[in-house]
Amino acid sequence: MRYTSILLLVSMFLLGACLDKIDLDVPKGLEDSVVIRGELVKGQPSTLNVYLDRVFNFELESLLPFNARGVFLIDEAGNQVEIPEFGDGFHTYTFFPNDPFQVEIGRKYQLRVSTFDGRVFESALEEIMQLPEKGEMELDLSSITVLDDRGDLEEIPVIQFYINAPVNLKDSEQNARLLWTPEYTFQITDNGSRVCYVTRNLDFDNILLLDGTILETDFATRIPLSNIPLNFELNEGYYYSVYQKSLTKGAFDYWNQTKQIIERTGNLFEAPAGRVTTNFKNIADENDNVFGYFTAYAQDTIRIYVPPGEFTEEGNRRCPPSVPPPPGGGCPVPICCDCASAAGSSIFRPSFW
C-alpha cells in the first residue's frame, strides 16, 4: 500500500496537480530520483518543452527543479540540437521552417539529458504518428452527484461534452491511439466594462484516452470528455477545446497506467498497482531510478462554442451588488473588479473567437 501511494504521488507530480502532504518511507534506491518530462509537438511551428525535477523523499516540497549540464534532441539519423535552458529545470526550443533540424511526421526522436553529477539519461526513440481525420464534438445537459458542504450527496447540472472521432489512419492497417487534452476559454466583462478572454486547463485528474486498435470499427461515437458546471463563465460566450494527439503504443501505455493509478479507489477488484512505465534510462546504469516520459506527436485542435444564454441566463453578473466585500474591504470577487488580473486572462480576442 505504501508503494501504491508513492506511485500516486509521482503520477500527480507529472501532471502538475496538488496533493496534501503525506509522510512516506522511501523504498531503498529511490532516494534522489530524477523526473524527466519531455514533449515534442509537430506544429506550425513545432516546439519542444522539457521539465527536469529531482525527488528526494516523495513529499511535494522535495520536488525541486534541477539544472542539467546539457539537454539534446536527437533524431533517428543521429542529428541533434541542444535545447537551451529558460529557467531552473525548464528547457524549450521552437523549430522554424529554416531550422536545420526539422520535426516531421513518421520520423523518430529521442531526448538525452546529462547531469552535473556525471549521469546521462536517454529516452527510447519515439515516432511522431500520423493523425486521423478530425472528429466533431457535441454536448448536452446532464448532471453529476457530488458531496455538498455538509457531506451530503447533491445532484448538480453540468454540460457534458462528447467527441465523435475517426480512428483510422491513412495507409495503415492499425487504428490510432488518441489522447485528448482539454481547455476552455470564456469571455467576461468586469465592473469597469473591460472585456477579457480567460483560458484555463481542464481535467488534470481525468486523463482522456482512446485505444482505437481494440475497436472493431474505424469510428468512435460519443466518447465522453469533460463535464463542466453551470456558472458565470458561460454568461458571455464559452469555447471548449481539445488538443487531439496520436500516440505510440509506449506513450499510450504510460498515460493509461498513470490514469489507472490516479483513478484508483482501493476496492478489491482493482488490479494491483505497479510502477508506471518510463522510456528513460541511465545509459551507464540501468538500475538507476528515473521517472517520466518523452512523448512526440502531432496534434489537431477541435473546438465547440457554447453561446450566451443556452444553459444559463444571459447577462447574469458574477458580482451582484448584494455580495459584501471581504473583511477589511476590497473586491468581493477579483475577476469582476479587474478581469485582466485573472490567471490565464487576456484583453485580446483569440483568433478562433
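The values are calculated or read from the model by the stated rules, or taken from the named source; none is laboratory data. Note that the coordinates shown come from a computational prediction; the quantities given were computed from them, not determined experimentally. Here the Cβ is made from the backbone with ideal geometry for all residues, glycine too, and neighbour counts use every protein chain on show. We work out accessible area using only protein heavy atoms, side chains counted, and drop any ligands, DNA or RNA first. Shrake-Rupley method; radii C 1.70, N 1.55, O 1.52, S 1.80 Å.
For this structure, a couple of remarks:
- Selection of region 218-246 for residues being more than 27 Å from Thr189 (Cβ to Cβ) and not hydroxyl-bearing (Ser, Thr, Tyr) yields Asp218, Phe219, Ala220, Arg222, Ile223, Pro224, Leu225, Gln244, Lys245.
- When Val81 is tested against (1) outside any loop (DSSP other than H, G, I, E, B); (2) under 28 Å from Leu209 (Cβ atoms), exactly one condition is not met: (2).
- Region 207-217, residues that are part of a loop (DSSP other than H, G, I, E, B) and exposed (fewer than 15 other Cβ atoms within 10 Å of the Cβ): Leu215, Glu216, Thr217
- One residue stands out among those in region 285-314 that are open to solvent by less than 30 Å² (accessible area, probe 1.4 Å) and assigned to a loop (DSSP other than H, G, I, E, B): the one that is modelled with the highest pLDDT, which is Asn289.
- Some residue of region 175-198 being outside any strand (DSSP E or B), of a type in the set (Asp, Glu) and under 23 Å from the mean Cα position of the chain (by Cα): no
- Residue among Ile262, Ile223 that is more than 30 Å from Ser345 (Cβ to Cβ), open to solvent by less than 40 Å² (accessible area, probe 1.4 Å) and among the aliphatic types (A, V, I, L, M): Ile223
- Residue satisfying all of: in region 244-262; charged (D, E, K, R) and in contact (Cβ under 8 Å) with a residue 40 or more places away in the chain; farthest from Asn206 (Cα to Cα) among these: Lys249
- Answer residue from region 96-118, given it is of a type in the set (D, E, K, R) and open to solvent by 40 Å² or more (accessible area, probe 1.4 Å) and is modelled with the lowest pLDDT among those: Asp117
- Evaluating Glu173 against the criteria (1) open to solvent by 50 Å² or more (accessible area, probe 1.4 Å); (2) within 19 Å of Ile283 (Cα to Cα) leaves one unmet condition, (2).
- Test: residue in region 183-203 that is out of contact with any Lys or Arg (no Cβ under 6 Å at 6 or more places or on another chain), of a type in the set (Lys, Arg), loosely packed, with under 12 Cβ neighbours inside 10 Å and farther than 15 Å from Val242 by Cα: no
- Some residue of region 135-142 being farther than 27 Å from Tyr239 by Cβ and of a type in the set (S, T, N, Q): no
- Total residues in region 129-153, condition over 30 Å from Ser172 (Cβ atoms), touching a strand residue (DSSP E or B) at 6+ places or on another chain (Cβ under 8 Å), acidic (Asp, Glu) and open to solvent by 60 Å² or more (accessible area, probe 1.4 Å): 0
- Identity of the residue in region 63-95, within 23 Å of the chain's Cα centre (by Cα) and of a type in the set (D, E, K, R), that ends up surrounded by the most Cβ atoms within 10 Å (Cβ to Cβ): Glu85
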